[in-house]
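Asker: Here it is: the structure, laid out below.
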Amino acid sequence: MKALTLTLKTSPEQRIDMSALACHLLKSLSVIDIAALTLQCGKRKLRVDELFTIEGSDSQQLIIKNSHDKLDFIGKDLDGGSISVEGDAGAYLAMGMKAGDIKVSGHAGLYAGCEMKKGYLEISGNVGDFLGAALPGNKMGMKGGTILVKGNVGQRAGDHMRRGNILIEGNAGDYCGSRMTAGTIAVMGQTGRYLGYAMRRGTLLLWNQPQLSASFNDCGAHTLAFLPILFASFRSLNSSFADVAQSFNRVQRYAGDMSEMGRGEVLVKL
Amino acid sequence: MIINGVTIDATFAEAFPMKATRAIITAQNEKWAMISAQAMTGFATSVIACGCEGAIERVLDPSETPDGRPGVAVMFFAMGGKGLAKQLETRAGQCVLTSPTSALFAGIDGGIRIPLGKNLRYFGDGFQSSKVISGKRYWRIPVMDGEFLAEATTGQVDAIGGGNFLVLAESQPQALAACEAAIEEMRKIPNVIMPFPGGVVRSGSKVGSKYKTLGASTNDAFCPTLKGATRTDLSPEIESVMEIVIDGLTKEDIDKAMRVGIQAVCDLGAQQGIKRISAGNYGGKLGPFHFHLQEIMA
């Protein structure tokens, strides 16, 4: 069966809620049924075939072509299957994803991978604020899985993150890893101000020396045994993180945020 | 059956169901991985008094270990899962956690999960932290030489303990040389351990004793000094008997180990003073696994 391919006909004027087009929701639907689904577009509801031309029929392999940054909630609560986005994605990409994988060739908006539980999210471009974070008012951000961003990310990446990996090849904005409960955020580029602000536990793994707050204490240089295992787990990724030359096990360790529990750590490559 | 002048008795070894687990110890170099492994598998020759049977399975190349350092695989066998878990945890805590530069990983991915570093983490007194990597949880416990890394759990599987064969020789040095040759070959077989010192036991036992408090006592039928004093199983020329006990994950693993071991003994042959190969059993009524020597060597 050929992958179900939705090609956006024109650039939408209003934001479109794509949450109805998650693979697990389409499993028992025919192409005709899928075409008849309605998506919230601004204050109107539009049929899928009004917005997209439809080809193929395998709903467990969804391709969104000519994608636009007004397509929100792509892969919301995705529970298996794969979604390939050719172009940009809007806000709330892969929100609450439970299983499966989503790949975006362009950029993504706010709250990508927010409250994600498992699975794999790959974004080739840049990402907005609150990557892998908790929704406003919630206390638990990403709880598992892996997010790979090849570009830069905005502010508050991993806010309230609880488990899983966020891998950033580019730069991260201010407040990266803020209020983290656990998990790992790796940043190959530069990081902004207030790194790990109020983090409780978890690891911020950095390739470049950050500007650290006074509430992070230097614990010295160390060779850590878990790092080779962590890097080995990245080998299958289509990323610089898979490059053996990028891996290391010798780091400067900073403990913090001491204004919180102080059980988190910032590890900087030596 | 006679191989190279050595008589293979028409008898069988009687073995029992056990629970088994494997752990991988790594360290800065093979020397320290081995020191830790030797400590962990010490006093683990027999379930009769040690609580478990354990030994080093093999040395691992850095490419075979989770953290890419030199390592040693160790295996433990016990009569029940609860006892095995207790032994593993105690030994890991006292012998691996304490050993410089060591790290500890699961050696069996499937099976029932039993704690490896899961409870040792409390040694970290609140400073411990965990990482879930590729679905496996690792505990990082701060210690004085840096950090002790231990996988949270390892696998416990059904296994077999008590495979054995006896080497009957004309002299003690000849019996020992034959057993050493056998052990060298048997250590190349995966999934088995020979838990006694150097893999060889000179004090094979029978069930029961004249003393009420003892459950096992010397196997007098195979004691050469008692040839004229008890109902002996030895011919006049036998001066020394040694036993090799094998625990393994499956019957096939033990079969294979016994075959290469007996073959190594037989290769020395009657000219080197090896006269017979026999095996220990309890009449076949106690253990469900029977390893018939002649079938194994056929």
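Asker: What is the packing order of peptides B:44-57, B:69-82, A:40-53, taking the mean over residues of other C-beta atoms within 10 Å and listing the highest first?
Answerer: Values: B:44-57: 20.5, B:69-82: 22.4, A:40-53: 14.9.
Per-residue mean Cβ counts within 10 Å order the peptides as B:69-82, B:44-57, A:40-53.
Asker: What pairs in A:LYS2/A:LYS139; A:LYS70/A:LYS118; A:LYS43/A:LYS117 have C-alpha atoms more than 32 Å from each other?
Answerer: In this structure, A:LYS2/A:LYS139 exceed 32 Å between Cα atoms.
Asker: Here's another thing I want to ask about it. Normalised by the number of residues in the stretch A:110-269, what is the relative contact order in percent for Cα pairs under 8 Å and 6+ residues apart?
Answerer: Details: 509 pairs, mean separation 25.3, N = 160.
Value for the stretch A:110-269: 16 percent.
Asker: If R₀ is 56 angstrom, what is the calculated FRET efficiency for the pair B:ILE112 and A:ARG193, using the beta carbon separation as r and rounding to 0.05? List each step's numbers first, then the result.
Answerer: Numbers: r = 49 Å, r/R0 = 0.87.
So, using R0 = 56 Å, E works out to roughly 0.70.
Asker: Okay, next question. Per residue, what volume in Å³ does the Cα convex hull of the stretch B:106-202 take up? Walk me through the intermediate numbers first.
Answerer: Values: hull volume 15.3 nm³, N = 97.
Enclosed volume per residue, from the Cα hull, is 158 Å³.
Asker: Mind checking the log10 I(q)/I(0) for the stretch A:203-250 at q = 0.28, 0.29 Å⁻¹? Debye, one equal scatterer per Cα, no solvent, two decimals.
Answerer: Values returned for q = 0.28, 0.29 Å⁻¹ are -1.16, -1.20.
Asker: What size of dipole, in debye to the nearest 20, comes out for the protein assembly as shown about its Cα centre when the only charges are +1 on Lys and Arg C-beta atoms and -1 on Asp and Glu C-beta atoms? Mind dumping the intermediate values first?
Answerer: Values: 59 positive and 55 negative charges, 305 e Å.
About 1460 debye.
Asker: Let me ask something else about it. For chain B, what is the mean residue ellipticity at 222 nm derived from helices alone (per DSSP H run of n ≥ 4: -39500 (n - 2.57); sum divided by total residues; nearest 500 deg cm²/dmol)? All intermediate terms of the calculation are to be shown ahead of the outcome.
Answerer: On the way: 5 runs with 60 residues, N = 298.
Calculated mean residue ellipticity at 222 nm is -6000 deg cm²/dmol.
Asker: Specify which residue in the list A:MET142, B:MET194, B:LEU88 is farthest towards the positive end of the charge dipole of the protein assembly as shown, using unit charges on the beta carbon of Lys, Arg (+1) and Asp, Glu (-1), about the Cα centre.
Answerer: Working it through, the farthest residue towards the positive pole turns out to be A:MET142.
Asker: Still on this structure, I have one more. For the stretch A:110-269, what D do you get in µm² per second when you plug the Kirkwood radius from alpha-carbon pairs into Stokes-Einstein at 37 °C and 0.692 mPa s? Let's see the in-between values first.
Answerer: Working: Rh = 15.0 Å.
For these conditions, the coefficient is 220 µm²/s.
Asker: In percent, how large is the relative contact order of chain A, given Cα pairs closer than 8 Å and 6 or more residues apart?
Answerer: Numbers: 884 pairs, mean separation 27.1, N = 270.
So the answer I get is 10 percent.
Asker: Percent antiparallel among DSSP beta bridges with both residues in chain A, to the nearest 5?
Answerer: If I count the DSSP bridges inside chain A, around 30 percent turn out antiparallel.
Asker: Now a separate question. State, to one decimal in nm, how far the label point of B:SER217 lies from the label point of B:SER235, with both points 7 Å from Cα in the Cβ direction.
Answerer: So the label points at B:SER217 and B:SER235 sit 2.9 nm apart.
Asker: Kirkwood Rh and Cα-based Rg: tell me the resulting Rg over Rh for chain A, rounded to two decimals. Show your work: numbers first, answer last.
Answerer: Working: Rg = 19.2 Å, Rh = 18.8 Å.
Taking Rh as the inverse mean 1/r over Cα pairs, Rg/Rh reads 1.02.
Asker: Under 24 Å Cα to Cα from B:LYS251, which lysines show up? Leave out anything in the same chain fewer than 8 places away.
Answerer: In chain and number order, the partners are B:LYS19, B:LYS82, B:LYS188, B:LYS206, B:LYS285.
Asker: Taking every eigenvalue of the Cα gyration tensor of the stretch B:177-298, multiplying by 5 and rooting it, what semi-axes result, largest first, whole Å?
Answerer: Numbers: eigenvalues 115, 75, 35 Å².
Output for the stretch B:177-298: semi-axes of 24, 19, 13 Å.
Asker: Percent antiparallel among DSSP beta bridges with both residues in the stretch A:137-257, to the nearest 5?
Answerer: Details: 6 of 20 bridges.
Around 30 percent antiparallel, to the nearest 5.
Asker: Only Cα pairs within less than 10 Å get springs; with that Gaussian network setup on chain A, which residue of A:PRO228, A:PRO12, A:PRO210 has the largest fluctuation?
Answerer: A:PRO228
Asker: I would also like to ask the following. Given 25 °C and 0.890 mPa s, how large is the Stokes-Einstein diffusion coefficient of the stretch B:105-145 in µm²/s, with Rh as the Kirkwood radius over Cα pairs?
Answerer: On the way: Rh = 11.3 Å.
Taking Rh from Cα pairs, D becomes 217 µm²/s.
Asker: Nearest-5 percent of antiparallel DSSP beta bridges in the stretch A:21-94? Walk me through the intermediate numbers first.
Answerer: Working: 4 of 9 bridges.
Of the beta bridges lying entirely in the stretch A:21-94, close to 45 percent run antiparallel.
Asker: If you don't mind, there's one more thing I want to ask. Would any residue of the stretch B:155-189 have its amide N under 14 Å from a label point 7 Å out along Cα→Cβ of B:LYS227? List them or say none.
Answerer: B:168-172
Asker: To continue, here is another question. Run the numbers on chain B and let me know its relative contact order in percent, using alpha-carbon pairs under 8 Å that are six or more apart. Intermediate results must be reported in sequence, preceding the final value.
Answerer: On the way: 725 pairs, mean separation 78.0, N = 298.
Relative contact order of chain B: 26 percent.
Asker: For the stretch B:1-138, just the Cα set please: Rg and Dmax, both in angstrom.
Answerer: Using the Cα atoms of the stretch B:1-138, the pair Rg, Dmax is 17.5, 65 Å.
Asker: Still on this structure, please answer the following. With the convex hull built on the Cα atoms of chain B, state its orientation-averaged projected area in nm².
Answerer: Values: hull surface 66.5 nm².
Dividing the Cα hull surface by four gives the mean projection, 16.6 nm².
Asker: Also, quick follow-up: For A:SER30, B:SER99, A:SER57, what's the fewest-to-most ordering of other Cβ within 10 Å of each Cβ?
Answerer: Working: A:SER30 11, B:SER99 22, A:SER57 14.
Ascending Cβ contact count within 10 Å gives the list A:SER30, A:SER57, B:SER99.
Asker: Turning to a different aspect of this structure: Provide the descending list of Cα extents for the protein assembly as shown along its principal axes, expressed in whole angstroms.
Answerer: Principal-axis extents of the protein assembly as shown (Cα, largest first): 105, 59, 43 Å.
Asker: Using only the alpha carbons of the stretch B:17-76, what is the convex hull's orientation-averaged projected area in square nanometres? Present the calculation step by step, with values, prior to reporting the outcome.
Answerer: On the way: hull surface 16.4 nm².
So the Cα hull casts an average projection of 4.1 nm².
Asker: Would you mind working out the magnitude of the charge dipole of chain B relative to its Cα centre, with +1 at each Lys and Arg C-beta and -1 at each Asp and Glu C-beta, to the nearest 20 Debye? Numbers along the way, then the final one.
Answerer: Details: 29 positive and 30 negative charges, 195 e Å.
Dipole size: approximately 940 debye.
Asker: Now for a different question. Per residue, what volume in Å³ does the Cα convex hull of the stretch A:1-67 take up? Working shown, then result.
Answerer: Numbers: hull volume 4.8 nm³, N = 67.
So the per-residue hull volume is 72 Å³.
Asker: What does the charge count near A:LEU71 come to, summing +1 for each Lys or Arg and -1 for each Asp or Glu among other residues with Cβ under 11 Å from its Cβ? Please report the intermediate quantities before stating the final value.
Answerer: Working: positive: A:ARG15, A:LYS70; negative: A:ASP17, A:ASP69, A:ASP72, A:ASP88.
Value of the local net charge: -2.
Asker: Here is a follow-up. Enumerate the residues in the stretch A:245-263 having an amide nitrogen under 19 Å from the point lying 7 Å beyond the Cα of A:CYS219 toward its Cβ.
Answerer: A:248-263
Since every read-out is calculated from the coordinates, none of them should be taken as a lab result. These numbers were taken from a predicted model, which means no experiment stands behind them. FYI the Cβ positions are ideal-geometry reconstructions off the backbone, even for glycines, and counts take in every protein chain you see.
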